[in-house]
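The numbers here are math on the coordinates, done by the rules we state, and not lab data. Fair warning: this is a prediction, and the values are worked out from it, not measured in the lab. In this analysis, Cβ positions are derived from the backbone assuming ideal geometry, glycine residues included, and neighbour counts consider all displayed protein chains.
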């Protein structure tokens, strides 16, 4: 199965950033993104992990997870959630889990 990049999904309309009728993303969703990285030159490790809460074309709340080697397109996973609170809780849980594995916020 071919893995599609986030840019491709957005370009063909699978993900919509502007979901409200005013043409902007609600304030509570604007700041809900985390970009992490894990760099260890001794192990030739240069990884990124991105988490973002968005809405899809149908208005469902999704947690967009992107990960891979820095400089590559990486992989994308969309997890649908019942509401924003549930998606934000999942985002925080993943953020804590990744921090335990050595990922650090992008400065």
Take each of the peptides 33-41, 83-91, 99-107, 47-55, average the number of other beta-carbon atoms within 10 Å over its residues, and list them starting from the highest. 47-55, 83-91, 33-41, 99-107
Once you put a point 7 Å from the Cα of residue 33 and another 7 Å from the Cα of residue 107, both along the Cβ direction, what distance in nm separates them? 2.2
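If each residue of separation counts as 0.36 nm, what is the full-extension length gain between residue 43 and residue 77 once their alpha-carbon separation is subtracted?
Details: separation 34, 0.36 × 34 = 12.24 nm, distance 2.59 nm.
Stretched out fully, the residue 43 to residue 77 stretch lengthens by 9.7 nm.
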